[in-house]
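This report concerns only the one structure given below.
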């Protein structure tokens, strides 16, 4: 008989310290090894980072591929986070959903996983807004309710979009692909 092991945040952090190259996410007690980042994924994330950085300077901390503490059993690593500013720059603890202004997942190769596994988890923990960037464009999810978001909109190239909690950070959606 197979035995299933459930993990806690501390255990995954210890494992990550032993294997720093391993990109591990903990979702509801299960450990997932993330695929290597493609040049397309990295370049598109860089474009979004540069686009948002100029509009959020002094209003939000920006984190790229860093942990978000949801619970003792869930420590996902979103592609990009805009966070409420904190004097310690989150050096004392990982951010929590209450500190998230915007969470972004670049989901070209991981779209089904991001949409089917991570998105419901983000909603359940109250992350206010998630942008999921996939082949069809930018999917914007707002107003978490239980394990889903009440509002979903699709942003096409050439349209404008702003994070709900940072309306002054409006951008023209014009990624380089």
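Which of the residues that make up the range 66-79 are touching a strand residue (DSSP E or B) at 6+ places or on another chain (Cβ under 8 Å) and either on the phi > 0 side of the Ramachandran plot or part of a loop (DSSP other than H, G, I, E, B) (or both)?
Residues satisfying the conditions are 66, 67, 68, 69, 73, 76, 77, 78, 79.
For residue 16, all conditions in the list (1) without any contact (Cβ under 8 Å) to a residue 12 or more places away in the chain; (2) part of a helix (DSSP H, G or I); (3) over 18 Å from residue 105 (Cβ atoms); (4) out of contact with any strand residue (DSSP E or B) (no Cβ under 6 Å at 6 or more places or on another chain) hold save one; what is the number of the exception?
Every condition holds for residue 16 apart from (4).
Scanning for something in contact with a helix residue (DSSP H, G or I) (Cβ under 8 Å, 6 or more places away or on another chain), in contact (Cβ under 8 Å) with a residue 60 or more places away in the chain and outside any helix (DSSP H, G or I), does the range 46-53 turn up at least one residue?
No: zero hits.
Every residue, every condition in (1) outside any helix (DSSP H, G or I); (2) in contact with a helix residue (DSSP H, G or I) (Cβ under 7 Å, 6 or more places away or on another chain); (3) closer than 15 Å to residue 78 by Cβ, yes or no:
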position	(1), (2), (3)
91	yes, no, no
118	no, no, yes
121	no, no, yes
131	yes, no, yes
143	yes, no, no
151	yes, no, no
163	yes, yes, yes
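Matching residues to (1) under 21 Å from residue 12 (Cα atoms); (2) within 11 Å of the chain's Cα centre (by Cα):
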| residue | (1), (2) |
| --- | --- |
| 96 | yes, no |
| 102 | no, yes |
| 106 | no, yes |
| 111 | no, no |
| 116 | no, no |
| 120 | no, no |
| 125 | yes, no |
| 129 | no, yes |
| 138 | no, no |
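Which condition number does residue 153 fail, the rest of (1) farther than 26 Å from residue 39 by Cα; (2) surrounded by 14 or more Cβ atoms within 10 Å (Cβ to Cβ) being met?
With (1) farther than 26 Å from residue 39 by Cα; (2) surrounded by 14 or more Cβ atoms within 10 Å (Cβ to Cβ) applied to residue 153, the lone miss is (2).
Could we say that residue 104 is out of contact with any helix residue (DSSP H, G or I) (no Cβ under 8 Å at 6 or more places or on another chain), surrounded by 22 or more Cβ atoms within 10 Å (Cβ to Cβ) and closer than 19 Å to residue 166 by Cα here?
no
Just to be sure before I move on: is residue 82 in contact with a helix residue (DSSP H, G or I) (Cβ under 8 Å, 6 or more places away or on another chain), in a loop (DSSP other than H, G, I, E, B) and crowded, with 21+ Cβ neighbours inside 10 Å in the structure I sent?
Against the criterion (in contact with a helix residue (DSSP H, G or I) (Cβ under 8 Å, 6 or more places away or on another chain), in a loop (DSSP other than H, G, I, E, B) and crowded, with 21+ Cβ neighbours inside 10 Å), residue 82 does not qualify.
Which pairs do you get when a residue that is at pLDDT below 90, found in the range 30-43, comes within reach of a residue that is in a strand (DSSP E or B) and exposed (fewer than 15 other Cβ atoms within 10 Å of the Cβ), reach meaning Cβ atoms under 7 angstrom, with the pair 6+ apart or on two chains?
Short answer, once both residue conditions are applied: none.
The values are calculated or read from the model by the stated rules, or taken from the named source; none is laboratory data. Because the structure is a prediction, the values reported are computed rather than measured. Please note: Cβ atoms are built from the backbone with ideal geometry, for glycine as well, and neighbour counts cover all protein chains shown.
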